[in-house]
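What follows is a set of notes on a single structure, which appears directly below.
The values are calculated or read from the model by the stated rules, or taken from the named source; none is laboratory data. Just so you know, these numbers come straight off a predicted model, no measurement behind them. Note that each Cβ is placed from the backbone with ideal geometry, even for glycine, and that neighbours are counted across all protein chains shown. Protein only, heavy atoms only, side chains kept; ligands, DNA and RNA dropped before computing areas. Shrake-Rupley method; radii C 1.70, N 1.55, O 1.52, S 1.80 Å.
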Amino acid sequence: MKFNLVATTPMGIEAIVAKEVQELGYETKVENGRVYYSGDKRAIVRSNLWLRCADRVKIVIAQFPAYTFEELFEKTKAIEWDKYLPVDAKFPVDGRSHKSTLFSVSDCQSIVKKAIVEKMKKSYGITGWLTETGARYRLEIIMLNDIATILLDTSGDGLHKRGYRAKQGTAPLKETLAAAMVKLTNWKGETPLYDLFCGSGTLLIEAAMAAQNMAPGINRNFDFEKWPWMPKSLVDEERNKAEELIDYDKELELYGSDIDPKMIATAENNAEEIGLAGVIKFKQMSVFDFVAKKETGCVIANPPYGERLGEKKEVEAMYKFLGTELKNKKHWSLYLLTSHKMFEHLYGKKATKRRKLFNGSIECTYYQYWGEKLK
């Protein structure tokens, strides 16, 4: 059975997710925040296991115009729901509406739910209530320009939940954004990598996982695993393949530092949780104590942005320090995410490349300074 699939993404990294999907062997079509493709049950398993930068993987169940609630009800009811939902399925319905006649989200949700209930009762020959005591099938109704799209979430918890982050900092970087930041660098594991504001260690953990070819979903579970129509043997096969592809022996130089000793302890715990204990060297240190001693290296960072009162001057001093320290290091690269508009001026150099990214709701720029390769 072929499914129309969509990998949802944060704004600004659609092209990265599309490339990831293509690397799995599927053709893509990209829209804002979405990468569409088609695939079978194996595609669902592989996408959830391997996509580093996507938020979720969903099945597009149906798409149709709907101008009235009656039209929404009848067209939803016409779907063969027994292909997707068993008799005891627990199926909450989320919703969104934008630029549509049917603007009441709660009404759209309840009408879709009612239509599915009626269809399932008919399909399964039930006269009473549906128990909804089984596995979860998260559904979503999106109304956009009077087109209704009904989606089924295969992931469950968002794909950023890798299972290693027991604790995090006060302003945590999402694992999916951290993975995208690493993908946008030229770093593949050959040079030393430094995060001077490592917090709970997310950037370095994601970099190490990518360098070792560790599937980001290898240590967690997904909603689709509990669905009767998803063969357990297929899931086990893909998990075993992913396990075999991990290159535990790849030699890496990864260094993380942070001024807060509590964050260093958290980062070490998180690295240990994913099996990277000892692979990343963490140290409590101020950024001002950093010295670029080696001939080549790469700094990747998500420093404080200086948006809180009293922080701005200190943050600006950090940016200036980095510019001075790396000024004559032509074989060093820097990749830094910040919302500070004057970063290039403070750093003292124009970036090789800039890219707009969103850290949560904060619009940031990812400044990329490419070092020369060693001959």
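Taking Cα centre as origin and charging only the Cβ of basic (Lys, Arg, +1) and acidic (Asp, Glu, -1) residues, the dipole magnitude of the stretch 179-248 rounds to 140 debye. For the pair GLU80 and MET11, a Förster radius of 35 Å applied to the C-beta separation gives a FRET efficiency near 0.55, rounded to the nearest 0.05. Heavy atoms of the protein chains alone define the surface here; on that basis the chain has 49 Å² accessible area per residue at 1.4 Å probe size. Approximating the spin labels as points 7 Å out from Cα along Cα→Cβ, the ARG96-to-GLU31 distance works out to 1.1 nm. Expressed as a whole percentage, what fraction of the accessible surface of the stretch 163-256 belongs to carbon and sulfur atoms when a 1.4 Å probe is rolled over the protein heavy atoms? Whole-percent figure for carbon plus sulfur exposure: 48.
Just list whichever of LYS250/LYS327; LYS75/LYS226; LYS83/LYS114; LYS313/LYS349; LYS58/LYS250; LYS174/LYS320 have alpha carbons separated by over 22 Å in the model shown. Display every interim value, and only then the final one.
Details: LYS250/LYS327 31 Å; LYS75/LYS226 28 Å; LYS83/LYS114 18 Å; LYS313/LYS349 19 Å; LYS58/LYS250 34 Å; LYS174/LYS320 26 Å.
Table pairs above 22 Å Cα-Cα are LYS250/LYS327; LYS75/LYS226; LYS58/LYS250; LYS174/LYS320.
Count charges around GLU244 for me, please; just the other residues with Cβ under 12 Å from its Cβ, Lys/Arg as +1, Asp/Glu as -1.
-2
For the stretch 217-226, the Karplus equation 6.51 cos²θ - 1.76 cosθ + 1.60, evaluated at θ = phi - 60°, returns couplings of x, 5, 9, 9, 10, 10, 4, 4, 5, 9 Hz by residue, with Gly and Pro reported as x. Charges were assigned to the Cβ only: +1 to each Lys and Arg, -1 to each Asp and Glu. The resulting dipole of the chain about its Cα centre is roughly 740 debye. Here the gap between LYS161 and GLU132, fully extended at 0.36 nm per residue and compared with their Cα-Cα distance, gives a gain of 7.9 nm. Each label point was placed 7 Å from the Cα along the Cα-to-Cβ direction; for ASN269 and SER286 their separation is 2.7 nm.
Among LEU159, VAL112, GLY306, whose Cα sits farthest toward the positive end of the charge dipole of the chain (+1 at Cβ of Lys/Arg, -1 at Cβ of Asp/Glu, about the Cα centre)? Of the options given, the answer is GLY306. Cα centroid separation, the stretch 328-375 to the stretch 83-103: 42 Å.
For the stretch 181-244, the square roots of the Cα gyration tensor eigenvalues, ordered a ≥ b ≥ c, give a/c of at least 1.5 with a/b greater than b/c, which places it in the prolate category. Note on LYS241/LYS375: beta-carbon distance plugged into 1/(1 + (r/R0)^6) with R0 of 30 Å gives a FRET efficiency of 0.20. Counting Lys and Arg as +1 and Asp and Glu as -1 over every other residue whose Cβ lies under 15 Å from the Cβ of GLY156, the net charge comes to +2.
Considering only DSSP beta bridges where both residues belong to the chain, give the percentage that are antiparallel (nearest 5).
Numbers: 39 of 61 bridges.
Of all bridge pairs located within the chain, approximately 65 percent are antiparallel.
When a/c reaches 1.5 or more, the comparison of a/b and b/c decides; with that in mind, is the chain rounded, prolate or oblate per its Cα gyration tensor? In terms of gyration-tensor shape, prolate. Residue by residue, the stretch 72-86 carries 3J(HN,Hα) couplings of 4, 5, 5, 6, 5, 5, 6, 6, 7, 5, 5, 6, 10, 10, x Hz when phi is fed to the Karplus relation 6.51 cos²θ - 1.76 cosθ + 1.60 (θ = phi - 60°); x denotes Gly or Pro. Could you work out which residue, out of THR266, THR154, THR127, moves most in a Gaussian network model of the chain, that is, has the largest mean-square fluctuation with Cα springs under 10 Å? The residue that fluctuates most here is THR127.
When the chain is treated as a GNM with alpha-carbon contacts under 10 Å, the residue of SER97, SER123, SER257 showing the greatest mean-square fluctuation is SER123. Counting only Cβ charges, +1 for Lys and Arg and -1 for Asp and Glu, the dipole size of the stretch 189-305 around its Cα centre is about 240 debye. Ordering GLY348, THR191, LEU326 by Cα displacement along the dipole of the chain toward the positive end leaves GLY348 in first place; charges were set at the Cβ atoms of Lys, Arg (+1) and Asp, Glu (-1). Spin-label model, LYS262/ASN328: points 7 Å from Cα along the beta carbon direction are separated by 4.1 nm. Of the residues LEU130, ILE147, GLN212, the one whose Cα sits farthest toward the positive end of the charge dipole of the stretch 104-219, with +1 on the Cβ of Lys and Arg and -1 on the Cβ of Asp and Glu, is LEU130. Under a GNM of the chain (C-alpha, springs under 10 Å), which listed residue has the highest mean-square fluctuation: LYS58, LYS232, LYS293? Judging by the Gaussian network model, the answer is LYS293. Sequence-distant contacts, meaning Cα pairs under 8 Å at least 6 residues apart, place the relative contact order of the chain at 14 percent. Overall shape: oblate for the stretch 61-171, with the ratio a/c of the largest to smallest alpha carbon gyration tensor axis at 1.5 or above and b/c at least equal to a/b. Backbone amide hydrogens, once placed in the peptide plane, bring PHE3 within less than 5 Å of GLY39, ASP40, excluding anything fewer than 5 places away on its chain. The mean sequence separation of alpha-carbon pairs under 8 Å and at least six residues apart, normalised by the residue count of the stretch 230-375, gives a relative contact order of 18 percent.
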